[in-house]
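The values are calculated or read from the model by the stated rules, or taken from the named source; none is laboratory data. What you see is a predicted model; the values in this text were computed from it and never measured. For neighbour counting, all protein chains shown are included, and Cβ atoms are generated from backbone atoms with ideal geometry for every residue, glycine included. Note: areas computed on protein heavy atoms with side chains; ligands, DNA, RNA excluded. Shrake-Rupley method; radii C 1.70, N 1.55, O 1.52, S 1.80 Å.
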Amino acid sequence: MKKSYFKYLILGIFSLSLASCDLDMEPETSFTDAGYWKSEGDLRGACNRFYEQMNGNNDLGDGFKHDYRSDELTSGGANSISSGNVQVPTTNGAWTDAYWRIFIANNIIEKAPRANVDENTLNRYLAEARFFRAYYYFELVKKYGDVPLLLKAINSTVDPDIMMPRTPRADVIAQVYDDLDFAAKWLPDIDKLDKWGHVAAQAATAMKVRVGLYEGTHMKYHGEKGDNTTHFKTAVAAAQELINSKKFELYPDFNLLFQDVAEGRQNKENIFVKEYGPNGSAATTTHGTIRQMENSVSLTRNVVDLFLYTDGLPREKSPLVISPETSYDDVFTNRDPRLSMTCYKIGEEAYKGAFSPHNFHRGYSLKKGFDLTQWSTNSKEWTDWMNIRYAEVLISYAEALYELNGAITDSQLDETVNALRRRVGMPAMLTNQFASANGLNMLEEIRRERTVEFIDENKRYDDIIRWKIAEKVLPVDIIGALCIADETSQNKYTELSDRLTVNGKLRDKTRYGTQSDIYVIEFAEDRRFDVNKDYLYPVPLHEIAQSGGAVTQNPGWK
């Protein structure tokens with residue numbers, strides 16, 4: 001971790017942006033650390049910094065508003081990760097941004113006891129800081145594995161802890177659990193938050209579900225030493241606590257779930273959100289997610305094929321499959337209703353009028369979360385981002401139960417997988433008898449449910465990493481949508497054909513069974529995944545150099 005970065009931290013940590021909008025502060029020229037940490041207002045202002053810096057869409061330094069790293073979404077060409085062209089960076093926001101926020105948390109934890117507040121008030125703000133410290137350490141572990149576990153405020157560029165080596169992953173995760181336990185004890189109940197969008201006790205519990213499932217599966221499928229069942233037990237217990245609290249439920253309308261009408265505590269599916277707004281054209285905290293849906297992102301056929309048919313069977317087993325397809329819309333026929341709630345059909349009101357295939361993408365154009373009013377603001381959008389929603393708790397509970405017990409009961413399926421299906425009107429439910437009678441793998445069906453529920457919510461890449469299937473699903477052809485000349489403008493059809501022919505990579509029916517007129521967006525030979533190194537990110541060179549070599553590089557990276 002570079003010394004100049006710590007110097008920047010020390011000089012900048014107490015800028016006026018620490019304060020909430022209505023908090024009276026001294027002029028910036030006279031505002032010093034020595035004059036701070038006196039009142040509850042000071043603690044509140046310091047913690048407000050977390051919400052200002054927190055990114056939506058789980059974007060932590062990678063820049064992935066829409067996540068192109070996996071097989072789920074495409075922007076029309078290989079991402080540097082999926083193509084295997086990542087180089088060891090000098091610096092990377094995925095590392096430095098996380099540590100910046102951890103250092104702010106450590107500073108609050110260290111300095112907050114100076115304030116003239118009672119113990120309960122103090123612990124409430126310590127809990128907020130410890131939640132975010134846990135949140136960002138987990139993000140680091142997912143990407144880098146072992147990372148330096150720094151639990152103190154750095155007050156000098158010559159502090160010896162700047163040279164700290166990497167801490168074993170298990171020790172970092174143990175601290176994450178400890179921080180989340182403290183946060184769950186002392187943070188306010190979600191129904192007693194003084195400001196919506198701030199973390200509640202239930203958000204800390206939900207994070208334990210996320211961490212427990214991730215670490216348990218990562219340990220199991222990557223062959224790591226230790227007892228993975230302890231993580232699954234943690235995830236199961238935390239999920240049961242949230243379910244039994246009766247404070248959460250699925251929002252009734254999947255289509256509206258991702259619109260601003262579903263914001264706030266009135267939507268009982270919200271557990272932890274990144275708040276944007278205020279809603280309307282004058283919004284001051286904004287994002288550009290919706291605008292990108294038109295210009296740069298579409299769903300791959302690889303993931304479209306994971307959606308079940310209405311008989312509850314996958315594509316390779318269902319008699320409802322239309323083959324060959326003769327229209328772009330054939331893929332939506334007799335499918336899980338979430339497919340048509342996720343992607344546009346021909347003629348639906350879309351980005352610029354009635355939707356026409358391939359006007360913008362070669363894949364399946366995203367509909368989920370699109371709002372024409374916010375599209376018109378040209379990347380000044382205000383719909384809140386759900387960092388954690390109750391659906392994640394439910395499907396994570398189902399997966400953790402199965403991983404822990406090697407089985408799941410029909411009643412447990414009914415309150416998890418089938419609850420998600422009932423919400424969207426899916427006719428077929430998943431039961432043990434149904435899975436057995438049709439030769440379905442129960443774990444794979446639970447994973448499938450997770451994938452189709454969370455399209456474009458930045459879950460897929462983390463999932464294929466922890467399941468250790470990235471080596472199977474990444475270095476393959478990424479398939480696009482059926483392209484029929486009569487269903488789009490002839491100019492667009494010809495343009496696509498000519499462009500691909502020039503590269504010698506015109507659509508190839510042998511690449512997708514016997515189905516013609518389906519484009520290969522990215523060819524397998526252009527994609528790479530090295531199992532010896534690509535399951536972890538490379539550590540930035542500056543962090544290695546400035547630690548004097550105490551921080552080492554991940555295996556396989558040079």
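Residue-wise test of (1) touching a residue at least 60 places away in the same chain (Cβ under 8 Å); (2) closer than 19 Å to H66 by Cα; (3) in contact with a Lys or Arg (Cβ under 9 Å, 6 or more places away or on another chain).
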{"residue": "L313", "(1), (2), (3)": "yes, no, no"}
{"residue": "P319", "(1), (2), (3)": "no, no, no"}
{"residue": "P324", "(1), (2), (3)": "yes, no, no"}
{"residue": "Y328", "(1), (2), (3)": "yes, no, yes"}
{"residue": "T333", "(1), (2), (3)": "no, no, no"}
{"residue": "I346", "(1), (2), (3)": "yes, no, no"}
{"residue": "D371", "(1), (2), (3)": "yes, yes, no"}
{"residue": "Q374", "(1), (2), (3)": "yes, yes, yes"}
{"residue": "N378", "(1), (2), (3)": "yes, yes, yes"}
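So which residues in the range 538-548 are open to solvent by 40 Å² or more (accessible area, probe 1.4 Å) and at pLDDT 95 or above? Show your work before the answer.
Initially, the range 538-548 is screened for residues open to solvent by 40 Å² or more (accessible area, probe 1.4 Å), giving 541-542, 545-546, 548.
Listed by number, the list holds a single entry, L541.
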field: Hits in the range 413-456 (condition: outside any helix (DSSP H, G or I), within 23 Å of the chain's Cα centre (by Cα) and modelled with pLDDT of 95 or more)
entry: T416, F454, I455
- prompt: Residue check: is E381 closer than 26 Å to I290 by Cβ and surrounded by 16 or more Cβ atoms within 10 Å (Cβ to Cβ)?
  reply: yes
task: Kindly check whether there is at least one residue in the range 354-366 that is touching a Phe, Trp or Tyr at 6+ places or on another chain (Cβ under 7 Å), open to solvent by less than 10 Å² (accessible area, probe 1.4 Å), touching a residue at least 60 places away in the same chain (Cβ under 8 Å) and among the small types (G, A, S).
output: yes
query: Would it be correct to say that L126 is more than 21 Å from L536 (Cα to Cα) and touching a residue at least 24 places away in the same chain (Cβ under 8 Å)?
result: yes
- line: Per the filter on the range 195-209, residues within 22 Å of D260 (Cβ to Cβ) and more than 19 Å from the chain's Cα centre (by Cα) are K195, W196, A200
task: Could you check G145 against (1) in contact with a strand residue (DSSP E or B) (Cβ under 8 Å, 6 or more places away or on another chain); (2) on the phi > 0 side of the Ramachandran plot and say which number it fails?
output: (1)
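When residues of the range 238-255 are filtered for being open to solvent by less than 60 Å² (accessible area, probe 1.4 Å) and either outside any helix (DSSP H, G or I) or free of Cβ contacts under 8 Å to residues at least 24 places away in the same chain (or both), how many remain? I'd like the intermediate steps shown before the answer.
So the first thing to find is which residues in the range 238-255 are open to solvent by less than 60 Å² (accessible area, probe 1.4 Å), and the list is 238-239, 242-243, 245, 247-248, 250-251, 253-254.
Those still in the list that are either outside any helix (DSSP H, G or I) or free of Cβ contacts under 8 Å to residues at least 24 places away in the same chain (or both) too: 247-248, 250-251, 253.
Final tally of qualifying residues: 5.
For residues that are open to solvent by 10 Å² or more (accessible area, probe 1.4 Å), modelled with pLDDT of 95 or more and not in a loop (DSSP other than H, G, I, E, B), tally how many sit in the range 279-308. Step through it out loud before you land on a result.
Restricting attention to the range 279-308, the residues satisfying the condition of being open to solvent by 10 Å² or more (accessible area, probe 1.4 Å) are 279-289, 291-292, 295-296, 302, 305-306.
Checking the rest, the ones that are also modelled with pLDDT of 95 or more come to 302, 305-306.
Those left that are additionally not in a loop (DSSP other than H, G, I, E, B): 302.
Going through the range 279-308 one residue at a time, the tally reaches 1.
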query: Looking at the range 462-485, which of its residues are within 23 Å of G369 (Cβ to Cβ) and at pLDDT 95 or above?
result: D462, D463, I464
query: If we keep just the residues of the range 363-412 that are of a type in the set (F, W, Y) and not in a helix (DSSP H, G or I), which is nearest to the chain's Cα centre (by Cα)?
result: W385
The range 453-469 - residue that is of a type in the set (V, I, T) and surrounded by 19 or more Cβ atoms within 10 Å (Cβ to Cβ) and, of those, nearest to T300 (Cα to Cα): I455
- prompt: Does N432 fit the bill of being open to solvent by 10 Å² or more (accessible area, probe 1.4 Å), touching a residue at least 60 places away in the same chain (Cβ under 8 Å), polar (S, T, N, Q) and farther than 29 Å from H66 by Cα?
  reply: no
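Can you tell me which residue is farthest from the chain's Cα centre (by Cα) among those in the range 324-362 that are acidic (D, E) and outside any strand (DSSP E or B)?
Narrowing the range 324-362 to residues acidic (D, E): 325, 329-330, 336, 348-349.
Cutting the leftovers down to outside any strand (DSSP E or B) gives us 325, 329-330, 336, 348.
On the way: E325: 33, D329: 29, D330: 30, D336: 23, E348: 28 Å.
Among those residues, the one meeting the criterion is E325.
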query: How many of the residues making up the range 261-278 are within 21 Å of T373 (Cα to Cα), open to solvent by 20 Å² or more (accessible area, probe 1.4 Å) and more than 19 Å from the chain's Cα centre (by Cα)?
result: 2
- prompt: Do you know which residues across the range 129-142 are surrounded by fewer than 23 Cβ atoms within 10 Å (Cβ to Cβ) and either basic (K, R) or free of Cβ contacts under 8 Å to residues at least 12 places away in the same chain (or both)?
  reply: K142
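Looking only at the range 57-81, filter to residues that are of a type in the set (G, A, S) and at pLDDT below 75; which one of those is nearest to R362 (Cα to Cα)? Talk me through it step by step, then tell me what you get.
Our first condition is that a residue be of a type in the set (G, A, S); within the range 57-81, this holds for 61, 63, 70, 75-78, 80.
Subset that is at pLDDT below 75: 61, 63, 76-78.
Numbers: G61: 28, G63: 22, G76: 7, G77: 10, A78: 13 Å.
Of everything passing the filter in the range 57-81, G76 is nearest to R362 (Cα to Cα).
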- prompt: So is D194 out of contact with any His (no Cβ under 8 Å at 6 or more places or on another chain) and open to solvent by 30 Å² or more (accessible area, probe 1.4 Å) or not?
  reply: yes
Residues of the range 176-201 that turn out to be in a helix (DSSP H, G or I) and under 29 Å from K152 (Cβ atoms), as a count: 12
- prompt: List pairs: first in the range 452-478 and in contact (Cβ under 8 Å) with a residue 40 or more places away in the chain, second assigned to a helix (DSSP H, G or I) and among the charged types (D, E, K, R), Cβ under 6 Å, 6+ apart or cross-chain?
  reply: V452/R338; D477/R511
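From the list T326, T310, T230, pick out the single residue that is β-branched (V, I, T), touching a Leu at 6+ places or on another chain (Cβ under 9 Å) and within 30 Å of E403 (Cα to Cα).
Working: T326 fails: within 30 Å of E403 (Cα to Cα); T230 fails: touching a Leu at 6+ places or on another chain (Cβ under 9 Å).
From the options T326, T310, T230, the qualifying one is T310.
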message: Just to be sure I understand, how many residues within the range 153-191 are within 25 Å of K274 (Cβ to Cβ), of a type in the set (G, A, S) and either open to solvent by 10 Å² or more (accessible area, probe 1.4 Å) or touching a Pro at 6+ places or on another chain (Cβ under 8 Å) (or both)?
response: 1
query: Does any residue in the range 147-169 that is closer than 20 Å to Y136 by Cα come within less than 7 Å, Cβ to Cβ, of a residue that is of a type in the set (D, E, K, R) and part of a loop (DSSP other than H, G, I, E, B) six or more places away or on a different chain, and which pairs are these?
result: V147/R166; P148/R166; D161/K152; R166/D146; T167/D146; P168/D146; R169/D146
